[in-house]
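Below you'll find the structure, written out as structure tokens, and then a few comments.
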2 protein chains.
Amino acid sequence: MSLRIAEIFGPTIQGEGALIGQPTVFIRAGGCDYRCSWCDSLHAVDSRYRHDWQVMQPDEVMDRVVALSGGQPVMVSISGGNPAIQDFAPVIAQGRALGYRFACETQGSVARDWFADLDLLVLSPKPPSSGEQVDWVAFDRCLQAAGRADRILKIVIFDQRDLDWAQDVAARYPRLPLYLQPGNPETDPAQAVDPQDLADRMLWLVDQTVGRGWLRPRILPQLHVLIWGNRRGV
Amino acid sequence: MSLRIAEIFGPTIQGEGALIGQPTVFIRAGGCDYRCSWCDSLHAVDSRYRHDWQVMQPDEVMDRVVALSGGQPVMVSISGGNPAIQDFAPVIAQGRALGYRFACETQGSVARDWFADLDLLVLSPKPPSSGEQVDWVAFDRCLQAAGRADRILKIVIFDQRDLDWAQDVAARYPRLPLYLQPGNPETDPAQAVDPQDLADRMLWLVDQTVGRGWLRPRILPQLHVLIWGNRRGV
């Protein structure tokens with residue numbers, strides 16, 4: 001079964017969430033069932049770009065990961081787009097046999113058996129500012145499909161309404177580790193990013209979250225945006 | 001037994017290391033057996049400031065933590081200075097009875113029985129640029145004292161020599177999670193910090209570490225410096 005791949009790059013550090021700072025090779029799948037208003041990965045989402053996506057066999061994907069990492073079995077992050085609309089089971093099986101570990105990030109709209117083969121499933125339900133609506137039945141199926149893999153919630157926050165919504169979502173899942181991340185309104189890779197803006201957005205989110213006495217979520221920025229702006233492939 | 005306390009503040013997010021982003025109340029102990037050339041907490045280290053340190057009883061310390069956190073049992077980070085030169089066992093016992101969790105950060109020069117009562121012991125051996133020299137016998141005693149508490153290594157890197165040294169240290173402790181953090185040469189709280197400088201130092205450290213094919217350490221900035229500069233109490 002072939003895969004549509006937008007890009008494979010690394011090793012670089014994971015920029016966000018539970019594995020922040022961890023050296024990682026990224027497999028970015030092409031294609032998505034969502035179209036978030038503020039999507040920062042349109043080159044892996046919008047079908048306008050689909051002719052840039054490479055059609056690859058699973059062993060070609062793992063060969064590329066092994067080449068990039070010099071055979072060191074690092075963490076591999078499968079993202080997108082929504083990687084769950086494709087079958088990554090063979091890639092994960094081949095990688096695990098070589099000692100690689102796998103994380104996958106998805107919005108939680110499509111459940112897959114191979115979630116159970118991951119080390120970490122990152123579910124990032126999309127808040128109101130995205131313009132999308134979460135199907136909670138599908139979302140719960142994703143959580144169940146993860147089996148014994150670690151599972152975390154990661155929610156991007158653009159405004160107060162998103163934060164209210166995140167607090168409701170968190171209450172549904174009292175036992176899941178929860179990460180909040182300030183939204184990035186500037187997603188043009190040609191545009192330079194001002195690290196001060198990123199600092200300001202972090203300050204706002206920390207103030208709003210801690211300020212309302214909500215002390216459960218971990219709050220993290222997008223380190224890759226701090227370091228490289230919106231450049232791709234880093 | 002009374003304690004010398006430089007400051008108690010929070011809740012705010014943990015700015016560095018394994019618990020980065022986690023809402024935390026900080027207890028900063030006064031006094032240190034080291035004097036690192038680039039110390040960013042001189043107000044808790046240099047005995048010139050010792051008359052600013054409050055003498056507190058353990059229950060006064062926990063009362064303050066409870067008041068700041070509104071009774072929510074958050075993570076408490078005991079730092080300094082070197083907190084291991086004082087006896088935090090009663091504070092930890094009182095806090096744990098209320099559901100609080102405790103992390104402690106120390107350079108690893110003084111071992112304490114109460115390390116075993118922590119949730120996390122962060123050992124940050126000081127690299128050559130600090131001007132200090134690690135006593136590895138004492139350091140290993142600290143690791144042993146932690147018992148079943150989680151233990152991590154966190155090393156600040158200012159230059160290539162520090163990075164070489166960190167790689168040697170890492171080889172001594174192949175099973176410990178390892179975090180690297182770019183050094184902050186500007187520690188004057190009155191001086192504004194340019195987030196671009198912090199981004200540049202992260203870029204340098206990621207390039208140097210990943211560039212030499214060293215893919216074990218997680219690499220993280222000091223988020224609190226990004227957000228608040230060198231201001232105290234945040």
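Inspection of region B:185-201 identifies at least one residue that is touching an Asp or Glu at 6+ places or on another chain (Cβ under 6 Å) and within 27 Å of B:LEU121 (Cβ to Cβ).
Number of residues in region B:51-88 that are surrounded by fewer than 16 Cβ atoms within 10 Å (Cβ to Cβ), touching a residue at least 24 places away in the same chain (Cβ under 8 Å) and part of a helix (DSSP H, G or I): the value is 2.
From the list B:ILE8, B:ILE92, the one residue that fits, being in a strand (DSSP E or B) and either open to solvent by less than 10 Å² (accessible area, probe 1.4 Å) or touching a residue at least 24 places away in the same chain (Cβ under 8 Å) (or both), is B:ILE8.
Could you list all residues from region A:213-233 that are closer than 20 Å to A:LEU153 by Cα and either open to solvent by 40 Å² or more (accessible area, probe 1.4 Å) or at the interface with chain B (Cβ under 9 Å from one of its Cβ atoms) (or both)? Selection gives A:GLY213, A:TRP214, A:LEU215, A:ARG216, A:PRO217, A:ARG218, A:ILE219, A:LEU220, A:PRO221, A:LEU223, A:HIS224. Going through (1) under 15 Å from the mean Cα position of the chain (by Cα); (2) hydrophobic (A, V, I, L, M, F, W, C); (3) assigned to a helix (DSSP H, G or I); (4) more than 30 Å from B:LEU180 (Cα to Cα) one by one, A:ALA18 falls short only on (4).
In region A:189-234, the qualifying residues are those that are outside any helix (DSSP H, G or I), touching a residue at least 60 places away in the same chain (Cβ under 8 Å) and hydrophobic (A, V, I, L, M, F, W, C), and the one that is farthest from A:THR24 (Cα to Cα) is A:LEU220. All of (1) among the β-branched types (Val, Ile, Thr); (2) out of contact with any Gly (no Cβ under 8 Å at 6 or more places or on another chain); (3) assigned to a helix (DSSP H, G or I) hold for A:ILE155 with one exception: (3).
Whether any residue in region A:68-90 is touching a Pro at 6+ places or on another chain (Cβ under 7 Å), under 30 Å from B:ARG216 (Cβ atoms) and among the aromatic types (Phe, Trp, Tyr) is what I want to check. No, there is no match, as no residue in region A:68-90 is touching a Pro at 6+ places or on another chain (Cβ under 7 Å), under 30 Å from B:ARG216 (Cβ atoms) and among the aromatic types (Phe, Trp, Tyr).
Being more than 14 Å from the chain's Cα centre (by Cα) and part of a loop (DSSP other than H, G, I, E, B) is the filter here, so list the residues in region B:108-117 that pass it. Across region B:108-117, the qualifying residues are B:VAL110, B:ALA111, B:ARG112.
For every residue, the table says whether it meets (1) more than 23 Å from B:ASP194 (Cβ to Cβ); (2) surrounded by 13 or more Cβ atoms within 10 Å (Cβ to Cβ); (3) within 14 Å of chain B (Cβ to nearest Cβ).
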site	(1), (2), (3)
A:SER129	yes, yes, no
A:GLN133	yes, no, no
A:LEU143	yes, yes, no
A:ALA149	yes, yes, no
A:LEU180	yes, yes, yes
A:PRO185	no, no, no
A:ALA192	no, no, yes
A:ALA199	no, yes, yes
A:GLN208	yes, yes, yes
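The values are calculated or read from the model by the stated rules, or taken from the named source; none is laboratory data. Computed from a predicted structure; not experimentally measured. Cβ sites come from the backbone with ideal geometry, for glycine too, and all protein chains shown count toward neighbours. Note: accessible area is taken over every heavy atom of the protein model, side chains too, but ligands, DNA and RNA are not part of it. Shrake-Rupley method; radii C 1.70, N 1.55, O 1.52, S 1.80 Å.
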